[in-house]
Amino acid sequence: MKNLIFFFVLCVNIPVFSINNTGTDTLRNILIITCHPDDWELSMAGTAYLLKDKYQIHVIIASNGERGNSKEPDSEIAALRVGHAEESAKMINAKNHFLEIMDGEVYAEEDAVNKVVQILEDLDPAIIFLHWPIDKPDHVAASTMGLMALSKTGMMYNREVYFFEVEKVNHFDPEIFVDISPIWDIKMKLVDIHERFNDDRYKKMAEKSAVYHGRTNRCKYAEAFKPLFPLSNIRFKNKVNCSLLDL
């Protein structure tokens, strides 16, 4: 009986590791699919920070953000924003994957979808995060790109897939909330990296959303997510895990 109890304790404390082709232990991957540099920082920087030691985080960034300051593309702004993305990635030990689609011209075209398919197949992620698909058109395109790639690979049905919002957007009805109150200062540091207008607009945007979701979650600050499928998921006859509930 003692041996059985000891075995059970070992099982429930196994970390989130997988075995790679060399036979060594490696962290499972997480993939965040975004449209611009700064999208994940505004929406889920706290959650990403809480996950960084449990998983290897990867971020797809569809556009370098050339039109972030004007209607016309600006290569200097793009370089600035790419630099910001690399800086924030270091804080969560993440690896960026830039698709380099022109800002304002992001569409879920076949070439872009196939690039995401290739990244999904290379990484085999355990968890995927996407833009909420009722949003700005380019955010919607990035979300659709991810969904089509997930469908093509079959990962839509056997992975944890979550939607996030960049700010308060249409019809976003989250089901999962992550309390980020203890690491709020870190969230603000990640967002502050992308402040380029000298008016704290991004920090204000992030705080407004986090306070709103915190009230729902009965904490000071929270980030909110919507799973792709209901947690009961009776239709597909498989149990949907929710790793976010362990944070």
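Points worth noting:
- Calculated FRET efficiency for the pair Glu100/Asp185, C-beta based, R₀ 35 Å, to 0.05: 0.60
- In order along the range 96-112, the phi-based Karplus estimate (6.51 cos²θ - 1.76 cosθ + 1.60, θ = phi - 60°) of 3J(HN,Hα) comes to 8, 10, 8, 7, 6, 7, 4, 4, x, 10, 8, 9, 7, 7, 4, 4, 5 Hz; Gly and Pro are listed as x.
- Potential extension, Met91-Glu72 segment - 0.36 nm per residue separation minus Cα distance: 3.7 nm
- Length gained when the stretch Lys208-Lys52 is fully extended (0.36 nm per residue, less Cα-Cα span): 53.7 nm
- Per DSSP, loop chymotrypsin sites (Phe, Trp or Tyr not before Pro) in the range 166-210 with at most 11 further Cβ within 10 Å: Phe197
- Applying 0.36 nm per residue to the separation of Lys168 and Arg196 and subtracting their alpha-carbon distance, the gain on full extension is 8.0 nm.
- Each Lys and Arg contributes +1 and each Asp and Glu -1, all at the Cβ; summed about the Cα centre of the chain, the dipole is approximately 1200 debye.
- Considering only Ser70, Ser209, Ser88, the Gaussian network model of the chain with Cα springs below 10 Å gives its largest mean-square fluctuation to Ser70.
Every read-out reported here was derived from the displayed coordinates using simple, explicitly stated rules and does not represent laboratory data. Small disclaimer: the values here were computed from a predicted structure and weren't measured. Note that each Cβ is placed from the backbone with ideal geometry, even for glycine, and that neighbours are counted across all protein chains shown.
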